[in-house]
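These notes concern the structure reproduced below.
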């Protein structure tokens, strides 16, 4: 089993973001034990779905859960840029194309309770790979090993891969960037998920501007100051 090092996108001082991911972790756990394989998608590229997938997986692992993060964005992986890995590490496309067994694609990480499957080389037929028998067998097998499986999938507004992958998952989470994605597009995407019988667990509002002069900054700044105190005070 290969070992990779994950570079977290959260700094030690990023209190608000850490609290948000703890809340997200709690909300997921409150969905019940029937929801353990969760797909994460977005409407458009650059909305932060891969960051959400990574930080949610690490938050779950830090709580003592055994977690597997699967990079199923087989067209344009973002996670691979945040991983320090050994040369020749195999990924999901190797397994889905029948080139290697499951044991050769699972990587340990610097988070003791968390394993990772990288996307692997770009394939010419990602949707077909995610819809084949190997992906079904993969998800069926990891259900028996891990407490939670987080599946990072491509943006749904661009390709259909997310819906294909979500058919094998218990639910899907939609990441929406604040002030970036139109309401009509989000409504169209949620309708598409519902029509595809994908269980939409919720929508995560991401990239919220936290400057003091912004709406979100004024509201949340006052909220955190009231309930958690001013982190700048000594």
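Values in this text are rule-based calculations from the coordinates and carry no lab data. All of these numbers come straight from a predicted model, not from anything done at the bench. All Cβ positions, even for glycine, are placed from backbone atoms using ideal geometry, and neighbour counts span all protein chains on display.
The slack between residue 84 and residue 178, meaning 0.36 nm per residue of separation minus the straight C-alpha distance, is 30.8 nm. For the chain, a Gaussian network of Cα nodes joined below 10 Å ranks 50, 42, 77 by mean-square fluctuation, and the top entry is 77. Size check on segment 99-198: the Cα extents along the three principal axes, sorted descending, read 43, 30, 25 Å.
Across segment 53-84, the residues whose backbone nitrogen lies under 16 Å from the label position 7 Å along the beta-carbon direction of residue 3 are 84.
Mean separation of Cα pairs under 8 Å and 6 or more residues apart, divided by the residue count, gives the chain a relative contact order of 27 percent.
What length, rounded to one decimal in nm, is gained on full extension from residue 194 through to residue 27, with 0.36 nm per residue of separation minus their alpha-carbon distance?
Details: separation 167, 0.36 × 167 = 60.12 nm, distance 2.07 nm.
Length gained, residue 194 through residue 27: 58.1 nm.
Kindly state, to the nearest 0.05, the FRET efficiency for residue 16 paired with residue 100, given R0 = 41 Å and r defined as their beta-carbon distance. Display every interim value, and only then the final one.
Details: r = 41 Å, r/R0 = 1.01.
So, using R0 = 41 Å, E works out to roughly 0.50.
A P(r) calculated from all alpha carbon pairs of the chain, with 5 Å bins opening at zero, reads 1, 6, 14, 18, 20, 17, 11, 7, 3, 2, 1, 0 percent.
Once the Cα gyration tensor of segment 54-128 is diagonalised, what are the square roots of 5 times its eigenvalues, in whole Å and ordered largest first, as equivalent ellipsoid semi-axes? Can you show the working numbers first?
On the way: eigenvalues 97, 33, 26 Å².
Gyration-tensor ellipsoid for segment 54-128: 22, 13, 11 Å.
Peptides 90-96, 110-116 ranked from most to least packed give 90-96, 110-116, packing being the mean of other C-beta atoms within 10 angstrom over each peptide's residues.
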